[in-house]
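*Asks:* I have a structure I would like to understand better, so I am pasting it below and will then ask my questions one at a time.
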């Protein structure tokens, strides 16, 4: 027999609200004391608050990561251009290259024009995202449901493929998922977002 407590946290929050309301209304008629009814309210509110705080912190972490990646991407583009300029100057010497720690090779890709290539395939229980990385360190993979505006960061992957095991938003209801990726060099996103690929995922 399935557990009456939902594992999905969105459904769990709704369950807690419903259970607390039901116990408040009917608890006394099934033998619960006022103290027990009050305890149910305290427990339900405590768990719901913890769930809400976790959601808020995940959203804040995602926003902070996106802001960091954007700052690094913009900053690194400027720095790479300046390094190329001073490396080409006649006064540059091998010793100065080493002192500035810029004696490594230049990027093999244009960080402004780079565009990752994706392919999505549906398997039982997951969606497989295959990508062509070329000369970057890896790709950041994002997902959203069709019709939504915001992209959700899934993972940074350095080897193709990536398997998305995220469960259905509504259990038992198929959904259209969209995926895109951005190349990553030196921990910063570069270039243009890949073309969006979409699949219908039924779990």
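All of the numbers you see were taken from the coordinates with simple rules; none came from a lab. Values in this document were obtained by computation on a predicted structure and should not be read as measured data. Counting neighbours? That spans all protein chains shown, and the Cβs are built from the backbone with ideal geometry, glycine included.
*Asks:* Would you mind computing, in nm to one decimal, how far apart the modelled labels at residue 135 and residue 19 are, each placed 7 Å from Cα along Cα→Cβ?
*Replies:* 5.8 nm
*Asks:* What angle, in degrees between 0 and 90 and rounded to the nearest 10, separates the Cα long axis of helix 9-26 from the longest principal axis of the Cα atoms of the chain?
*Replies:* Here the helix axis deviates by roughly 20 degrees.
*Asks:* Using a Förster distance of 30 angstrom, determine the FRET efficiency expected from the C-beta separation of residue 71 and residue 122, and round it to 0.05.
*Replies:* 0.25
*Asks:* May I ask what percent, to the nearest 5, of DSSP beta bridges between residues of the chain are antiparallel?
*Replies:* 95 percent
*Asks:* Sorted from fewest to most neighbouring beta carbons within 10 Å, what does the list 189, 117, 74 look like?
*Replies:* Lowest count first: 74, 117, 189.
*Asks:* Could you tell me the calculated FRET efficiency between residue 4 and residue 165, based on Cβ-Cβ distance and R0 = 22 angstrom, to the nearest 0.05?
*Replies:* Efficiency for this residue pair is about 0.30.
*Asks:* Report the relative contact order of the chain, percent, no decimals, based on alpha-carbon pairs under 8 angstrom and at least 6 residues apart.
*Replies:* Over the chain, the number comes to 18 percent.
*Asks:* Can you tell me, using C-alpha contacts under 8 Å and at least 6 residues apart, the relative contact order of the range 149-199 as a whole percent?
*Replies:* 26 percent
*Asks:* For P(r) over Cα pairs in 10 Å bins from 0, in percent, which listed value, [x] 9, 35, 39, 15, 2, 0; [y] 7, 23, 23, 18, 13, 9, 4, 2, 1, 0; [z] 11, 41, 30, 14, 4, 0, comes from the coordinates shown?
*Replies:* Given [x] 9, 35, 39, 15, 2, 0; [y] 7, 23, 23, 18, 13, 9, 4, 2, 1, 0; [z] 11, 41, 30, 14, 4, 0, the structure-derived one carries the label [y].
*Asks:* How many angstrom separate the Cα center of the range 123-202 from the Cα center of the range 1-60?
*Replies:* Result: 34 Å between the Cα centres.
*Asks:* Here's a follow-up. Provide the gained length on full extension for the span residue 63 to residue 81, in nm with one decimal, where the gain is 0.36 nm per separating residue minus the Cα-Cα distance.
*Replies:* 3.7 nm
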